[in-house]
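The values are calculated or read from the model by the stated rules, or taken from the named source; none is laboratory data. Here the structure is a predicted model, which means the values were calculated and not measured. Counting neighbours? That spans all protein chains shown, and the Cβs are built from the backbone with ideal geometry, glycine included. Just so you know, the surface numbers come from the protein's heavy atoms only, side chains and all, with ligands and any DNA or RNA stripped out. Shrake-Rupley method; radii C 1.70, N 1.55, O 1.52, S 1.80 Å.
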Amino acid sequence: MPPILEAHDLTKRFELGESSVEALKGVSLAVQPGEFVALMGPSGSGKSTLLQLLGGLDQPTTGAVVFEGEDISHLSDDDATRLRRERTGFVFQAFNLIPLLNVRENIALPFTIAGQDTSRGELRDRIREVITLVELEGKERHRPDQLSAGEQQRVAVARALVTRPSVLLADEPTGNLDYTTGGELLDALWKSCDGAGQTVVLVTHDARAAAYADRVFVIRDGRIRDEIDLGRRPDHSAAPLIARLAQVGL
Amino acid sequence: MGLDRLAWRILAARPLRTLLTTLGVALGVGVLSSSLAMSAGIEAAVDRTVRDVVGSADLRVAAFLEGGLSEATVEAIRMTDGIEVAAPSIERRTFLGAPVTSAGAEAREAVTVVGIEPVAWSRLHELELVAGARLARIDEPSALITESLAEADGYILGSELRIQGHDQPTTLRVIGIIAGPGPVAGAAGRAVIVPVDVARSAFGLEGVTRVDIGLADGVSARDVAERLAERLTLEPYVLSSPADLAEGLRASTADFQATTALVAAIVLFVGSFLIVNTLSMTVGERAREVGLLRAAGATRAQVVRFVLAGALVIGIAGSAFGLVLGLLLGSLMAGSVRALTGFPAEVSSLNAGSLAVAFLVGVAITIAGAVEPAIQAARISPVEALRARLDLPATRRARLGWLALVFVAVAILALLAWPPAAGATGADRALGVYAVLLAATLATPFVLPPLARILGSPLAAFVRLEERLARGSLARDRSRTALTLGALVVGLAMIVALGWTAQAARNAATAWLADVVPGDEVVTSIRPIGPGEAIRGQLAAIEGVRSVTPIATFDLAIRGLRFDAAAIVGADFLADGRLTFIDGERAAALRALDVGGAAILPLPAAERLGLGVGDTISLALGAGTTLDLRVVGVVERSIPGDGGEAILVGWRDASGPIGVPGADVFAVRFEDGAGPAAREALETAARDAALEANPLSRVQGAVTDALGRVFGLFDALALVAVLVAALGIVNTLAMGVVERVHEIGVLRAIGMTRRQASRMVVVEATILGLVGAVLGAVVGLGVGAVLLFLSGGLVASAGLPWASIAIAAVLGLAGPAIAAWYPSRLASRVSIVRALKFE
């Protein structure tokens, strides 16, 4: 089966006045459909930048990102917007909910942006389905400020999944959560991957989160330093990953 | 680096916001300084005019009746103890050149002819000649003309000048050119000075119009006035001093100055909204820095000073720029005053005091607007401010209660800077209007959410998400939205209010003329046309003319007070159905006028004199004689005179005892169905007789045009308030985008297009505009009702000012839409990657 997402020799340089910073220095990888992949590395290693390029939020300086066989490296703004709206889902560290919209409205936002009626038919069912998936039944009318941090992040996951994207991209989704709620969120992500075949790319510096993945790419100084194949494991034990990371000095 | 420099850096970090706020202050100060400049200009012009007109005379005796002051009266004045110089003069309006006889010829404007006794007159008046010589004798056929008349009509020294008099034209030679507009008030620079006997003969007069008096050293004007009262018993007269003249001149511009000052205060008030809002936003945005300063040991007082220092920079820069704007605006205003009143107002006389007042008011209001944000800043807790996720709504929000203080500050400053001529009544009215606007602004946050929901619902049908997010954004900080919206509402309300006042004034003027003038055409004469002259018959004989009725306007003295009066033919008014009677029987009253010994009073005169039907008025006719007239009716509106509505008398009394020499107006009514040929024939006949014929509609048009020009200027000033409001909208929308940059980044990340992001801001502006337009119209009608009520002109028939409401609606929508341009671009350009890093 061809990869759903590929990176070919990606570089990304940020101009900062007279100096410049090279965040990525030639990264290549491939993600298979239904795979759970984690990008791990210390702060400033370039993992978030790589995620943004993979999701069409930004464009590489050189190299190519191939999404479902299509080079998305140099899409127009409108095409990139359509890609994000229809084929990718994002979850960020900050919960990034719209404060004045309730849970259901926040989850339905991608459809609303597309001008679709979410009050009936299939879309209504899909919204209900993701609300059940993230276990927020009964809180559809709550506003973000009436939810706990974990619940807010689960709303963000539901919003990312509601369009049934080809790839779900999550950038440190547990960064603002405590141990228990972080675990609940990772369980939800894993469930969507294992149960519904959702492809997930997770950026994290937390070995426990990365241990949910089938494969882990270790990034440092803008390059992939290692690739750890954990395989699909319902127990998500972090021990094998930690041992391997110790070997590469992380 | 001192905190003051940090304040400066913070302003520089948001250059657009700082610039817009500075511009807002500048516009406020500009309108204020132009208003002050114009007031100073009018004061200077009053002094100059008084000097030009009265010269060094201490007193002036003016004739009350058409016949003027007789030679005996002039002699009596000369012989009065304490009077050193008595300079009689005659003043008449007429045309120059041969009568215009051909239909296509262009009639020139009228001139004012002043007949003087050269020797006596020159002792009291200084005439500055730019060329030629002065008059020497009282009977030489020579004339001095003003420089502006010479330029306008092409006269030079030695030119022949033909004055239209009561009979044949009088030919004179121009022997001197007077500098500038000359010494005659109200002549608009078109004055001709001739020897008194020449004027007497040209206009067929025996008496003189007035006598200017120079007192001997050490003699008091009061003593001389008492002596004159004893001696001058032949004719009624008016005794005035230069101070009286100055007061009259000032009174003629009082309403204008009062309204200008009111609008200036309102623009400043609107400007203060902008200042409060901007500095509150800056404090909210910089809460973390302020918290850091506090954590590092800065005292609350230091933080207050830090915010006030920023305000001071804005206040000084804005006020300085405002003075420059004010000079430009002042020139425009002075031009309007000149065009409207013929009054030679200039702004060149703007003095340092006016500049300083405007500058200080601008700085003071900026500081007043900054006090609340400064206190907010001082209250920021270092612990809260340094939290990872800063959410300090109190630091962002401008409290509306603070507006009350700014209101009081602006009101006090406005009263201090209030033009003296505008008077206390004007100040009361201004304060009333001003308070209504403040109340409306304070009520804005309460009516905003429901109104935004109702008015935004049509938009939701097309752009549901954008409408929802926009509405949410407006509700995010209601105080800020209320301040922004309040400024817009105030500006739009003033446009609606002024529009309504103007419409009511125009309607009243039009209805007044239609009610009292028994004709479709008004034929005016520059000289009185006596009953024996054939002109009336000639006009009446024109085919299609049904009636020609003569009217003369003149002054009457009753109980020592001056009243406007008019001689009319009662039967003509009866047949034509003019005049609305409040008291008395219409037919009997009008017939009684023609019989004689009767008068009809307009309501204001009846109220002033406390008289009603059946009472008697006693007219002073000079030489100790009086004429008693029975009041036979009181009418709602009467023929307009110089200073009010005229008391109506019959021609029998007017031509006889009162001594009115003839009609100066003929009202001509056409037969029903008479075509344009009749009008054309009448106008040709009128021109042949050196008369000017105008359809009543044109007269009404001229009145409404004049009102339109006055209100046009006020509208222009109110537009400045809308402009300041628009600056506030740019600031608020831009701040909304900056605050929501993270949120917009998320929306963009999950599929919102740039166009949608931009549209969200435009929809926000549109909702703001819609709410502003609706509230502006409602508040404007409230303010208009207050203005009309206080000026006694609120009439049910005035109708709503739909045109002004439409203009306010267009401005309400267009202003925010234009203001949204930059913030919407800002929103569409939000970088997703940077926005998501924003936290």
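Table for the structure above
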read-out	value
Pairwise centroid distance, computed over Cα atoms, of the range A:12-74 with the range A:76-121, Å	22 Å
Inter-site label distance for residue A:18 and residue B:288 at 7 Å from Cα along Cβ, in nm	2.7 nm
Sulfur and carbon atoms: percent of accessible area, the range B:59-240 [1.4 Å]	48 percent
Ranked order, A:1, B:281 - accessible area, probe 1.4 Å, largest first	A:1, B:281
Table column - 3J(HN,Hα) (Hz), the range B:625-633, Karplus curve with 6.51, -1.76, 1.60, x for Gly and Pro	8, 9, 10, 8, 10, 7, 6, 10, x
Under 5 Å, built H, 5+ apart or other chain: amide partners of residue B:641	B:646
Heavy atoms of residue B:90 accessible to a 1.4 Å probe, total area in Å² rounded to 10	0 Å²
Among beta bridges that DSSP assigns inside the protein assembly as shown, antiparallel share in %, nearest 5	70 percent
For the range B:739-745, 3J(HN,Hα) per residue [Karplus equation, 6.51 cos²θ - 1.76 cosθ + 1.60, θ = phi - 60°, Hz, x = Gly/Pro]	5, 9, 4, 5, 4, 5, x
Calculated FRET efficiency for the pair residue B:140/residue B:562, C-beta based, R₀ 22 Å, to 0.05	0.05
Average Cα contact separation per residue, the range B:565-668, under 8 Å, 6 or more apart, as relative contact order %	37 percent
14 Å Cα-Cα reach of residue A:191 towards aspartates and glutamates, excluding residues that sit fewer than 8 places from it in its own chain	A:35, A:129, A:135, A:214, A:235
Heavy-atom SASA rank of B:500, B:821 (probe 1.4 Å, accessible area, largest first)	B:821, B:500
Solvent-accessible area, 1.4 Å probe, carbon plus sulfur percent, for chain A	46 percent
DSSP beta bridges in the range B:59-240 [antiparallel fraction, %, rounded to 5]	75 percent
Residues with amide H under 5 Å from that of residue A:230, placed H, sequence gap 5 or more	A:215, A:216
HN-Hα J in Hz across the range B:447-460 - Karplus 6.51, -1.76, 1.60, θ = phi - 60°, x for Gly and Pro	8, 4, x, x, 5, 4, 5, 5, 6, x, 4, x, 5, 4
Exposure of residue A:180 as accessible area (Å², to 10), given a probe of 1.4 Å and all protein chains	90 Å²
Probe 1.4 Å - accessible area at residue A:82, Å² to nearest ten	110 Å²
Computed magnitude of the charge dipole of chain B (debye, nearest 20; Cβ of K, R +1, Cβ of D, E -1)	6280 debye
Accessible surface ranking that places the most exposed of A:186, B:129 first, with a 1.4 angstrom probe	B:129, A:186
Separation of the residue B:316 and residue A:247 label points, Cα + 7 Å toward Cβ, nm	7.0 nm
Potential extension, residue B:789-residue B:825 segment - 0.36 nm per residue separation minus Cα distance	8.3 nm
For residue B:583, distant residues with modelled amide H under 5 Å away	B:634
Relative contact order (%) - criterion: Cα under 8 Å, at least six apart; region: chain A	26 percent
Rough spin-label spacing in nm, given labels placed 7 Å along Cα→Cβ, for residue A:25 and residue A:226	1.9 nm
Chain A, accessible area per residue, ligands and nucleic acids excluded (1.4 Å, Å²)	41 Å²
Beta bridges per DSSP with both ends in chain B, % antiparallel, nearest 5	75 percent
Nearest-0.05 FRET efficiency for residue B:78 and residue B:595, computed from C-beta distance (R0 45 Å)	0.60
Cβ-based charge dipole, the range B:59-240, positive-most Cα from B:194, B:67, B:214	B:194
Contact order normalised by residue count of chain B, Cα under 8 Å, 6+ apart, percent	17 percent
Between B and A, accessible area buried - total, square angstrom, nearest 100, 1.4 angstrom probe	2200 Å²
